[in-house]
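Step one of this worksheet: look at the structure below.
The values are calculated or read from the model by the stated rules, or taken from the named source; none is laboratory data. On a predicted model such as this, the values are computed, not experimentally measured, just so you know. So basically every Cβ, Gly included, is an ideal-geometry build from the backbone, and we count neighbours across all protein chains shown. These accessible areas exclude ligands, DNA and RNA; they are computed on the full protein's heavy atoms, side chains included. Shrake-Rupley method; radii C 1.70, N 1.55, O 1.52, S 1.80 Å.
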Amino acid sequence: MKISVLQHAPSAHLPTRPGDPTPTSRNLDPLMHPFSRARERTRALNAAKMERMFAKPFLRALEGHIDAIEVLCKKPGTLNTVASGSWDGGILVHDIAEQKQVHRILDAHKGKVSGLCFSQGNGLLSCGVDTNIKLWDVSPRDEEAQQKPLHIFSGKSPFNSIDHHRSDAIFATASNIVQIWDETKTAAISNLTFPTATETVTSVRFNLSETSVLGSIGSDRSFTLYDIRSGKAERRVTMQMRSNALAWSPTLPTLVLLASEDHNLYTFDVRQLSSPTQIYKAHVSAVMSCDWSPTGLEFASGGWDRTVRIWTEGRGTRPEVYHTKRMQRVSSTIFTADARFVVSGSDDGNVRIWKAKAHEKLGVITARERAAIEYRESLKERWRYDQEVGKISRARHLPKAVHQAAKLKETMLEAQRVKEERRRKHTRAGESKPKAERKKVVLAEQS
C-alpha cells in the first residue's frame, strides 16, 4: 500500500528574507478581471466629468413685468401654474410646462404687490402696500380687458404677506399684526399678536400638516408661533439677526426653515426652539427667500448675492449654485409640485425656470438610458470619497463678485475667531468659555 505524503510549497514555510519579491495575491475567479477596480474608478471619474459637462440648469426666462418681482406662489394641486407679483403693481400667471404667460392683471394694486396665494378653485388672493386685499378670478381667458376683482378686503395698514389655509376658506395676513380673514366676510375675524410685541410682521405661513398652527417673522428679529384655535400667540423667540422668509417642511410638521439676514439659513424644531437643528452656510449676502421641495429632502434659496442655491436637507455646506450674467438680486424662489424645477424671481423683472438637477435630461428616457444613468449614479456614490472624483463632483463655478465676497467673508470670520480666542486667552480661567455656533443664534425665548 502506498502512502502519500502532503508537501507544502517551499515558499510556504520559508521565512521572508530581505530583498525577496513581495508576494502577490491573485483572484482565482475567472469572471473577475484583475483590473476591474481600476476600470470601475475610471468609469466613476468619467461619470463625474459627464455630470459637470451636461450641467445646464437654466431653461427659460419669462418676461412681462416692468419692475422687480417681489413674490411668487404656486397653485396647490397643479404642476405647472405659478403666479408672480411685481413692484409695478401687476400680477402674472405663468404656465411652466408651456413656458408662457396665461393670465395678466395690470395695476392690481397701487404700489408693489407684497403677497400672493391661491385660494380654492381658480381664485387668487393678493395684498399690497395700498392696505387692500383683493380676490381675483384667474381662469384662462383670451381677451386682455381690464379685470376687476371679485372681492376687496380693506385693512388699516400696509400688508406684507398673505397665506391661505390648506382646506378651509380662511387666510392670514401680516402687517403690524397677524390677522385671520374669512373669504365670505369683509372684516378680519381674529387678530393675533404677542402681548409684548411691537414689531412689524414681515411674513406669515400656515403649517402644512397642523393647519391650525401658523408661524410669522418680524422686523424685531422674532419668530412667533400662533394657534388659531386659541386665538393667541403660543411661543416667541428673538434671534441674533432678522429673518426674511420662512417655510414649513412638507414632510416633517415640526420642522421650519428660516432665511436670515446674516447670510445663513436655519432649520428649527418647534418643540425645541432654543437652538437650530442645522445651519446652512454658503450665501455671501442676505438670504431673501426659501422654499421646500415637495419631497422634504431639498430646499431652494435665493439671496442678495444674485444666486439661487439648492440644498440637501441636513447638509449645511456645498449647495448647488445657479446664476446668470443678467440675473440681479433674487427676491423669491419656489419649487414646483413635481420637485423637478425651481422658479425664481429677481430685481431685473424676469421669472426664471431652472432644473432642480442641473444634469438631468428632459424628455423621454428609454429603459437603456435609464439603466445607464442609474449605473453612473451608483458609481459616483461608491467613489465619492476618491480624491479626483470628489473634487470634480464638488466643483462649482461662481461669479467673480461672489467669489471675492466669499474670500472677504472668510477673512472676516477668521479675524473674529482669532479675536475671541485672544480674549479667552487673556481672561481669568473659566470666566470666558467657548460657545457653540448653534447656541449663538437665539437670544431669548418667550412663551
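The listed residues are ARG271, ARG235, and the only one of them that is over 15 Å from ARG438 (Cα atoms) and touching a residue at least 60 places away in the same chain (Cβ under 8 Å) turns out to be ARG235.
Residue by residue, here is whether (1) of a type in the set (A, V, I, L, M, F, W, C); (2) part of a strand (DSSP E or B); (3) touching a Cys at 6+ places or on another chain (Cβ under 6 Å) holds:
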| residue | (1), (2), (3) |
| --- | --- |
| THR211 | no, no, no |
| ASP220 | no, no, no |
| GLU234 | no, yes, no |
| LEU246 | yes, yes, no |
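In segment 109-131 there is at least one residue that is assigned to a strand (DSSP E or B), farther than 21 Å from THR336 by Cβ and among the hydroxyl-bearing types (Ser, Thr, Tyr). Restricting attention to segment 222-232 and to residues that are of a type outside the set (Lys, Arg) and assigned to a loop (DSSP other than H, G, I, E, B), the residue that is surrounded by the fewest Cβ atoms within 10 Å (Cβ to Cβ) turns out to be SER230.
When ARG417, ARG384 are checked against the criterion of being under 29 Å from THR277 (Cα atoms) and either part of a loop (DSSP other than H, G, I, E, B) or open to solvent by less than 50 Å² (accessible area, probe 1.4 Å) (or both), a single residue qualifies: ARG384. Once segment 262-283 is narrowed to residues that are in a loop (DSSP other than H, G, I, E, B) and hydrophobic (A, V, I, L, M, F, W, C), the residue that is nearest to THR251 (Cα to Cα) is VAL270.
Out of all the residues in segment 132-153, is one or more within 32 Å of the chain's Cα centre (by Cα), modelled with pLDDT of 95 or more and not hydrophobic (A, V, I, L, M, F, W, C)? Yes, some residue in segment 132-153 is within 32 Å of the chain's Cα centre (by Cα), modelled with pLDDT of 95 or more and not hydrophobic (A, V, I, L, M, F, W, C). Can you find a residue that is aromatic (Phe, Trp, Tyr) and in a strand (DSSP E or B) anywhere in segment 159-168? Within segment 159-168, not a single residue is aromatic (Phe, Trp, Tyr) and in a strand (DSSP E or B). Of the residues LEU246, LEU297, LEU273, LEU258, the single one that is more than 19 Å from SER203 (Cα to Cα) and among the aliphatic types (A, V, I, L, M) is LEU297.
When the residues of segment 33-49 are narrowed to those that are farther than 14 Å from GLU388 by Cβ and part of a helix (DSSP H, G or I), which ends up modelled with the highest pLDDT? If we take residues in segment 33-49 being farther than 14 Å from GLU388 by Cβ and part of a helix (DSSP H, G or I), then ARG39 is modelled with the highest pLDDT. When we screen ARG423, ARG382 for residues that are basic (Lys, Arg) and at pLDDT 95 or above, the only hit is ARG382. Of all residues in segment 403-426, none that is in contact (Cβ under 8 Å) with a residue 40 or more places away in the chain has its Cβ atom under 6 Å from the Cβ atom of a residue that is among the basic types (Lys, Arg), 6 or more apart or on another chain. Sort out which residues of segment 236-253 are more than 14 Å from the chain's Cα centre (by Cα) and open to solvent by 30 Å² or more (accessible area, probe 1.4 Å), and write them in order of number. If the condition is that a residue be more than 14 Å from the chain's Cα centre (by Cα) and open to solvent by 30 Å² or more (accessible area, probe 1.4 Å), then GLN240, MET241, ARG242, THR251, LEU252, PRO253 are the ones that fit.
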